[in-house]
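Presented below is the structure to which this report refers.
The values are calculated or read from the model by the stated rules, or taken from the named source; none is laboratory data. Owing to the predicted nature of the structure, the values given are computational and were not obtained by experimental measurement. Note: ideal-geometry Cβ built from the backbone for every residue, glycine included; neighbour counts use all protein chains shown. To get the accessible areas, we keep the full protein, side chains included, count just its heavy atoms, and leave off ligands, DNA and RNA. Shrake-Rupley method; radii C 1.70, N 1.55, O 1.52, S 1.80 Å.
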Amino acid sequence: MLKKMSNLPFNGTKEQEEKLLAVIAENKHDKSRLMAVMQEAQGIYGYLPLEVQKIIADGMEVSLEKVYGVATFYAQFSLAPQGQYHISVCLGTACYVKGAGLLYDKLQELLGIGSDECTPDRKFSLTACRCIGACGLAPVLTVNEEVYGRLTENDVEGILAKCV
Amino acid sequence: MEMLNVKVNGIAVSVPKGATILEAARAAGVEIPTLCYMKEKNEIGACRICVVEATGARGLVTACVYPVTEGMEIKTNTPKVRAARKTTLELILSTHNKNCLSCVRSTNCELQKLCYEYGVDSTAFGGFKPVYQLDTTTPHLVRDNNKCILCRRCVAACQEQFVSVIGANNRGIDTCIGQAYNLSLAETPCISCGQCTAVCPTGALVEKDDTDKVWEALADTSKHVIVQTAPSIRATLGECFDMPIGTNVEGKMVAALRRLGFEKVFDTNTAADFTIVEEATELLDRVKNGGALPLITSCSPGWVKFCEYYYPEMLPHLSSCKSPQQMGGALIKTYYADKMGWDPKDVFVVSIMPCTAKKFEVGRDDMSAAGEGIADVDVALTTRELSRMIQRAGIKFTALPDEDFDPAFGVDTGAAVIFGATGGVMEAALRTANDVLTGKDNKEIDFKEVRGTAGIKEAEYNIAGIPVRVAVASGTANAKIIMDKIKSGEANYTFVEIMGCPGGCVNGGGQPIQPQYVRDTVDLKAERAKALYAQDEAMAVRKSHQNPIVKEVYDNYYKGGYGCHAAHHALHTSYVAREKYGK
């Protein structure tokens, strides 16, 4: 699947940049540490926008394309920011036949964002995932670490309300 | 060295420990097909076309990366191997744009050749087929990912140049070669060297074809269409017509250009002699007056663009001399147009170059000696494009007689001929500087330390009591090494020659395509350069300042010495610091 790029402007802080530069300083002696640096960068910023990838490329003395190639290859890296509440809807087979697609559509409608996007207030982000191993609870979604199961479209609003 | 004994299709051969099956097969005279493999540059075992059977291995193994073991018996041509290769080709074709009929690389495509040899069914696999937009954003190349087989040879070539603006993005069926953040190539710090186009096995990366502009000009009777050819073209053009690598085809090339309808056929070598006298003057001036040293050559537009992107703080070191291509165009549209009584607006200059970056160079700012809006050079064609024009015109190249350049800009020197090889500009400049400083016509004019295909060469000469420390680098990765040494103060050079492509212009990005197995087994740089050094050796005049046209122009047109105001106005240019990936 092609990764979606951020729909929001970059708003990194000076502190975040300093943290990242410190990580780079520790690792720049060894180019094979690139992935480790990218993981840390994602930890700091929550995702890897162009601005962050440029800092990594310059610091690690690798090309920007190299960083981008790695970022788009591995599922663990995200090019789009995650909200304070990151909602992941399982679209695996079991959940899908139990109506997960409807949940997903409803969430997009209520939040006004598309797949792999984040609300402008950075409160909610939405993504689809494949089986999380909770087929008995199908259809399921997770909000950050919390799992919600046996859902219908009508439950969605309540889940969002709980967050705010 | 420990040697291992193996058999390839029953042929016994000994190879050093660590050798791959492919190397053993080549030693035994057995060719195994490859697509992604580039010796020492791209050994990734990705395309799986080189699979073979080998004792001790489970299943088929990729010959390009699989090391041999003692007593190994390798079979490269069994039914199982042939079937696997055929399937691999059919899978590659399932997402390939098979418009071979008019593809620029037809008959010179490594994929097409294998498909023919293996008798593939081009419709064997259907299914999802990604559709890509062409990238036509740069002046020098076109990327068509619909013809890409993901071999990554272009990526390796770009990496070898220390540019790495292209790479594999995404994964699975979405994998494609492209730029970071899906930027267009024009938005990246690509240096236009075109090395990627020279190694692409298919038509996914090709030079931007400008031949239609030339056909149109040739048909326009109101235009004086003049052509000039770079030093290295005579050493490579023959390859497009199946002549041996390193054949000097100067005479046939001139004859072909005349038959194509060019009004005058000129030699960029003449312009190269102007470059040398101007550059040697600039060097001596900087040495005497404390200018920025080392002086670094600026003939190679790929290198110039590299410097602008990657070492903008070093731009004052670049010679302000235009490249021979641009000087040639400038001289044709000023001095020569004046002499012929032509309006420079009616003169159309085409140059035949070994280089895709020359297509970028013709559009640079500060390249219009004859006046605002009048480009020094109108169109730069690569060697490959010229060969296509010759073919389309129905000219039987190999049967042509040898003809001479038109004399007005066709007299050249040995110094100019060797511009086409790494170290050539340096040697030519040293020949002139040596004579100027000593005030003599020196007979010792071979500066052999700067010859050869090594990526970096250094030497120190004593010229009229002045120590001159020189360095020659080819390929921008080597340029980076030299530039870092200069910046850190580790090296204290006086004069540095840098060419963007490894080996210099003979190995330029616009030179004839040679399939990878030839590139792996023949030193193209050395073989092509030989033709140039042989011509230099045989010439009566081997120093740029002794070129009678140079003398005539400075005495009677500029009415001044080298570097005089008029010459400076027409033959020098300026550079710009470029920001990588913009703000």
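Taking the stretch B:121-132 as the range and being surrounded by 13 or more Cβ atoms within 10 Å (Cβ to Cβ) and either farther than 21 Å from residue B:145 by Cβ or out of contact with any Leu (no Cβ under 9 Å at 6 or more places or on another chain) (or both) as the test, the residues that pass are B:124, B:132.
The single residue among B:24, B:54 that is open to solvent by less than 20 Å² (accessible area, probe 1.4 Å) and under 32 Å from the mean Cα position of the chain (by Cα) turns out to be B:24. Looking at A:33, A:122, just one residue is open to solvent by 10 Å² or more (accessible area, probe 1.4 Å), more than 14 Å from chain B (Cβ to nearest Cβ), touching a residue at least 24 places away in the same chain (Cβ under 8 Å) and within 29 Å of residue A:161 (Cβ to Cβ), and that residue is A:122.
Only one entry in B:562, B:533 is in contact (Cβ under 8 Å) with a residue 40 or more places away in the chain, aromatic (Phe, Trp, Tyr), more than 14 Å from every other protein chain (Cβ to nearest Cβ) and outside any loop (DSSP other than H, G, I, E, B), namely B:533.
The number of residues in the stretch A:53-76 being surrounded by fewer than 23 Cβ atoms within 10 Å (Cβ to Cβ) and of a type in the set (A, V, I, L, M) comes to 6. Selection of helices (runs of 4 or more DSSP H) fully inside the stretch B:242-352 by the criterion of at least 1 residues being open to solvent by less than 30 Å² (accessible area, probe 1.4 Å), β-branched (Val, Ile, Thr) and in contact (Cβ under 8 Å) with a residue 60 or more places away in the chain returns B:250-260, B:268-289, B:301-310. Looking only at the stretch B:516-527, decide whether some residue is farther than 30 Å from residue B:113 by Cα, hydroxyl-bearing (Ser, Thr, Tyr), open to solvent by 10 Å² or more (accessible area, probe 1.4 Å) and not assigned by TED's automatic domain parsing to the domain that holds residue B:40. The answer is no; no qualifying residue exists. In the stretch B:357-367 there is at least one residue that is surrounded by 22 or more Cβ atoms within 10 Å (Cβ to Cβ), outside the structural domain of residue B:185 (by TED's automatic domain parsing), outside any helix (DSSP H, G or I) and under 28 Å from the mean Cα position of the chain (by Cα). Condition check for residue A:10 on (1) open to solvent by 50 Å² or more (accessible area, probe 1.4 Å); (2) closer than 30 Å to residue A:139 by Cα; (3) in contact with a helix residue (DSSP H, G or I) (Cβ under 7 Å, 6 or more places away or on another chain): one failure, at (2). Criterion applied to B:65, B:52 was being in a strand (DSSP E or B), touching a Phe, Trp or Tyr at 6+ places or on another chain (Cβ under 9 Å) and in contact (Cβ under 8 Å) with a residue 24 or more places away in the chain, and the one residue passing it is B:52. The residues listed here are A:115, A:125; of these, the one that is assigned to a loop (DSSP other than H, G, I, E, B) and within 30 Å of residue B:179 (Cα to Cα) is A:115. The helices (runs of 4 or more DSSP H) found entirely in the stretch B:384-491 that carry 1 or more residues being in contact with a strand residue (DSSP E or B) (Cβ under 7 Å, 6 or more places away or on another chain) and open to solvent by 10 Å² or more (accessible area, probe 1.4 Å) are B:424-438, B:476-488. Residues of the stretch B:570-583 that are at pLDDT 95 or above and either within 14 Å of another protein chain (Cβ to nearest Cβ) or closer than 22 Å to residue B:553 by Cβ (or both): B:570, B:571, B:572, B:573. Scan the stretch A:36-79 for residues that are in a helix (DSSP H, G or I), free of Cβ contacts under 8 Å to residues at least 24 places away in the same chain, within 11 Å of chain B (Cβ to nearest Cβ) and of a type in the set (Gly, Ala, Ser) and the total you get is 2. Comparison of B:92, B:74 shows that the only residue that is outside any helix (DSSP H, G or I), buried (at least 19 other Cβ atoms within 10 Å of the Cβ) and either modelled with pLDDT of 95 or more or assigned by TED's automatic domain parsing to the domain that holds residue B:39 (or both) is B:74.
Could you tell me whether residue A:16 is under 17 Å from the mean Cα position of the chain (by Cα) and either hydroxyl-bearing (Ser, Thr, Tyr) or more than 14 Å from chain B (Cβ to nearest Cβ) (or both)? No: the conditions fail for residue A:16. When residue A:25 is tested against the conditions (1) aliphatic (A, V, I, L, M); (2) away from every other protein chain (no Cβ under 13 Å); (3) without any contact (Cβ under 8 Å) to a residue 40 or more places away in the chain; (4) surrounded by 15 or more Cβ atoms within 10 Å (Cβ to Cβ), the lone failure is (4). Look at the stretch B:477-498: where a residue is among the hydroxyl-bearing types (Ser, Thr, Tyr) and a partner is surrounded by fewer than 17 Cβ atoms within 10 Å (Cβ to Cβ), sitting 6+ places away or on another chain with Cβ atoms under 7 Å, you get B:493/B:469; B:494/B:469. Of all residues in the stretch B:546-559, those satisfying the criterion of being open to solvent by less than 40 Å² (accessible area, probe 1.4 Å) and assigned to a helix (DSSP H, G or I) are B:549, B:550, B:553, B:554, B:558.
Among the residues making up the stretch B:201-240, those that are among the polar types (S, T, N, Q) and touching a strand residue (DSSP E or B) at 6+ places or on another chain (Cβ under 8 Å) are B:211, B:228, B:229.
Residue-wise test of (1) at pLDDT 95 or above; (2) touching a Phe, Trp or Tyr at 6+ places or on another chain (Cβ under 8 Å).
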site	(1), (2)
B:377	yes, no
B:382	yes, no
B:397	yes, yes
B:402	yes, no
B:409	no, yes
B:416	no, no
B:419	no, no
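For beta carbons closer than 9 Å, sequence separation of 6+ or different chains, a first residue in the stretch B:35-49 that is outside the structural domain of residue B:514 (by TED's automatic domain parsing) and open to solvent by 70 Å² or more (accessible area, probe 1.4 Å) and a second that is part of a loop (DSSP other than H, G, I, E, B) and basic (Lys, Arg), the qualifying pairs are B:44/B:152. Annotation: of all residues in the stretch B:219-241 being among the charged types (D, E, K, R) and touching a helix residue (DSSP H, G or I) at 6+ places or on another chain (Cβ under 8 Å), the one that is surrounded by the fewest Cβ atoms within 10 Å (Cβ to Cβ) is B:223. Please work out if residue A:117 is of a type in the set (D, E, K, R) and surrounded by 17 or more Cβ atoms within 10 Å (Cβ to Cβ). Here the answer is yes, as residue A:117 does meet what is asked.
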